[in-house]
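Throughout, read-outs are computed from the coordinates displayed, never taken from laboratory work. Here the structure is a predicted model, which is why all the values come from computation and not from measurement. Cβ sites come from the backbone with ideal geometry, for glycine too, and all protein chains shown count toward neighbours.
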Amino acid sequence: MRNATAIARRELGALLLSPASYVTGAAFLFLAGSRFAFDFVRTRQAEIRPLATICYWLPIFLAPLITMRMLAEEKRAGTFEVMVSAPVTDAEVVIGKFLGALGFYAALLLPTLSCVAALAHYSEGPLDAGLIAAGYAGILLAGGLYLSLGLLASSLTESSILAAFLGFIFCFVPLSFDMLNGLPEVRADPILSDIVSYLSLWTHYRSFIRGAIDTRDICYFASMTALGLYLAIKAVESRRWL
Amino acid sequence: MIRAEGITKRFGEFTAVSDASFEVGEGEVVGFLGVNGAGKTTTLRVLIGFYPATSGRAIVAGFDIAAESLKARRHIGYMPETTPMYGEMRVSEYLNFRASIKGIERKRRGAEVDRVVERAGLKEVRGQVIRTVSRGYRQRIGLADALLGSPKVLILDEPTSGLDPLQRMQVRQILREERHGRTVLLSTHILSEAEAACDRIIIIRRGRIVPEAEVEALRAVGMISVAVKTGDLAAARALLRAVPGVAEVRGGDVGTGDRTQRSDGGAGTAVLEAIPSDRNADLREAVFRTFAERSIPLLELRRTERSLEEIFGILTLRSADEDKSG
């Protein structure tokens, strides 16, 4: 784990030094902040839901942009070869990069606390800190899932552009179950409906927005993120199968 | 120590390395030569555990690189050909990062980075961002990285590629100083470099290691180089040709290596080369007696070998011929 931490620190440093990260981050914050401000002015409701809603789908585009270079570029440039010539496992490399990306995503969420400050300022009563904490937990967990899928995409190719494109597709998959769940054919079959509902990201995400932290939802995000990372590790290891 | 035991590496139908066996002992600096695509980098990648061999095994620093990869990699310093590194990092930051993932303890890390910075001559650029340093410095950063933690085994892929002669000399000097107690395997396509820096050469051709005996046979042509002081070049040539065992005499004619210099009136120095009919025969004594009997002064008499460049050329031509013949 020591190696993963060192790799995470390096990745976070690289992201914080990259102008592209700031452009992406600024676009994300602009969209999230605008949506929040628009909803707040429209509804006059002191709730975090608008921010959480945009953080449900916007990271589909953001996460692949954060992770696209992480493995693809390393393989293309040859730094991956240098990295694994040291006593580092492939799993440590992937987990380290994931933690670095998650750290960057978390840092990106910090300015959104200004939205919470605005809520606190304009709301008539005290804010429900539990609701806000649960909302942020959901945002972070969903972000982690998207980042693991982005990293999986990056592990499959040496082209950063292709990695970003694949990442968009992969990140869309957990959302697509929610759409599938709306189909009458799926609803007609209770077993299929249960499966699709369980796989749907929204089913688990909305609990956090409502302020409910359920172990089943945490398990969903943890297991899906772990699956994404596991597949990324296997993809990195695939060079040994040739 | 590095021991390759029948390493074969296939990528699908393509065999990049076939049954490669060789050994590099402690304290040895061995050059690994081959034309582009001969299988050098693939072999080196198997040796560092980047990917496993399809068959055969490699023992590095006493550990099977496939079965005990992490243990083996703790003792390997590797420098790939293009010295890829993170351009946005500062030199010292990068080396610190490399030291941390190589398992060098935090309290020793600073001193170790200082040591390799000093050793590789990176003091001037240690605070500089890597993407702004010259190619020569990048090579040295790669070398400094390989030296971190004083690994028992150094595997260097083209460590002097792209360097100017002075920088090459500096890298050679570093290798000379760092070789003690280490095993160094370096691939290079600069043959003079290999001859200057290495104790021994391993040549790989079309994925196969050329047996050392074959290289030695090519090297030892048993040619005798004779520098005589004479005013009659034709007579000297005839005399040398008459020595029993001499098959051919070269040199002496204008355009074919005539190096006769008239410096003291009639007599000058002629350098002639005698090719023996049996490459293992040592004709020096016979040549000496022949010229001594005629009282012709011999200024120099030595048995020469083919240069590495010539050997490499012959092997490359053989490869091309084999390709043509299918």
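Packing-based ranking of B:273-281, B:200-208 yields B:200-208, B:273-281, ordered from highest to lowest mean Cβ neighbour count within 10 Å. Report the one residue of A:S200, A:F221, A:S238 whose Cα lies farthest in the direction of the positive end of the charge dipole of the stretch A:195-242 (charges on C-beta: Lys and Arg +1, Asp and Glu -1; origin at the Cα centre). After comparing all options, I get A:S238.
Each of B:A66, B:V91, B:Y78 was scored by the projection of its Cα onto the charge dipole of the stretch B:58-158, and the greatest displacement toward the positive side belongs to B:V91; charges sit on the C-beta of Lys, Arg, Asp and Glu.
Along the stretch A:166-175 the Karplus relation, 6.51 cos²θ - 1.76 cosθ + 1.60 evaluated at θ = phi - 60°, assigns HN-Hα couplings of 4, x, 4, 5, 4, 5, 6, 4, x, 6 Hz to successive residues, with x for each Gly and Pro.
With the simple spin-label model, which puts each label point 7 Å out from Cα in the Cβ direction, the B:A213 to B:A247 separation comes to 2.0 nm. Evaluated at q = 0.10, 0.11, 0.15 Å⁻¹, a Debye calculation over the C-alpha positions of chain A (equal weights, vacuum) places log10 I(q)/I(0) at -0.51, -0.61, -1.04. Residue separation times 0.36 nm, minus the C-alpha to C-alpha distance between A:I195 and A:T5: what's the value? Difference between extended and current length: 64.8 nm. Couplings for the stretch A:137-147, taken from phi via the Karplus curve 6.51 cos²θ - 1.76 cosθ + 1.60 with θ = phi - 60°, read 4, x, 4, 5, 5, 5, x, x, 5, 4, 5 Hz in order; Gly and Pro are left as x. Net charge dipole, the protein assembly as shown: roughly 880 debye, given to the nearest 20, about the Cα centre with Cβ charges of +1 for Lys and Arg and -1 for Asp and Glu.
Ellipsoid semi-axes for the protein assembly as shown, based on the Cα gyration tensor and the rule √(5λ), read 69, 24, 19 Å when sorted largest first. Scoring B:293-305, A:194-206 by mean Cβ neighbours within 10 Å over their residues and listing the highest first yields A:194-206, B:293-305. Amide H contacts of B:I202: B:G31, B:F32, B:L33, each under 5 Å away and 5 or more positions distant or on a separate chain (H built 1.01 Å from N in the peptide plane; Pro and chain starts excluded). The mean count of C-beta atoms from other chains within 10 Å of the C-beta of residues in B:64-76, rounded to a whole number, is 2. Using Cβ point charges alone (K and R +1, D and E -1), the dipole size of the stretch B:2-217 about the Cα centre works out to roughly 780 debye. Answer with one residue from A:L180, A:T24, B:F50: the one whose Cα lies farthest towards the positive end of the charge dipole of the protein assembly as shown, charges on Cβ with Lys, Arg +1 and Asp, Glu -1. Checked the options; the winner is A:T24. Computed with the Debye formula from one identical point scatterer per Cα of the stretch B:2-217, without solvent, the log10 of I(q)/I(0) at q = 0.15 Å⁻¹ comes to -0.95. Here the Karplus relation 6.51 cos²θ - 1.76 cosθ + 1.60, evaluated at θ = phi - 60°, turns the backbone of the stretch A:48-65 into coupling constants of 8, 3, x, 5, 5, 5, 5, 7, 7, 10, 5, x, 4, 8, 6, 4, x, 5 Hz, with x for every Gly and Pro.
The smallest convex shape that holds all Cα atoms of the stretch A:73-135, its convex hull, gives 104 Å³ per residue. Roughly how crowded by other chains is peptide B:11-21, in terms of the mean Cβ count from those chains within 10 Å of each of its Cβ atoms? Taking the mean over all residues of the peptide, I get 0. Charged side chains reduced to their Cβ positions (Lys and Arg at +1, Asp and Glu at -1) give the stretch B:164-216 a dipole of some 200 debye around its Cα centre. Distance from the alpha carbon centroid of the stretch A:209-239 to that of the stretch B:73-144 works out to 35 angstrom. Relative to the longest principal axis of the Cα atoms of chain A, the long axis of helix A:190-199 lies at roughly 70 degrees. Pairs spanning more than 27 Å between alpha-carbon atoms, out of B:K71/B:K123; A:K234/B:K107; B:K9/B:K152; A:K97/B:K123; A:K97/B:K152; A:K75/B:K123: B:K71/B:K123; A:K234/B:K107; A:K97/B:K123; A:K97/B:K152; A:K75/B:K123. Between B:T8 and A:L113, the FRET efficiency from the beta-carbon distance, with R0 = 56 Å, is close to 0.45. The modelled label-to-label distance for the pair B:S295/A:S34, using points 7 Å beyond Cα in the direction of Cβ, is 10.8 nm.
As a rough guide to protection, the peptides A:104-111, A:116-123, A:66-73 ranked by mean Cβ packing within 10 Å, highest first, stand as A:66-73, A:104-111, A:116-123. Peptide B:79-88 shows a mean partner chain C-beta count of 5 within 10 Å per residue C-beta. Could you pull out every whole DSSP H run in chain B that spans at least 15 Å of Cα extent along its own axis and averages -0.5 or higher on the Kyte-Doolittle scale? Once both thresholds are applied, what remains is B:91-101, B:308-324.
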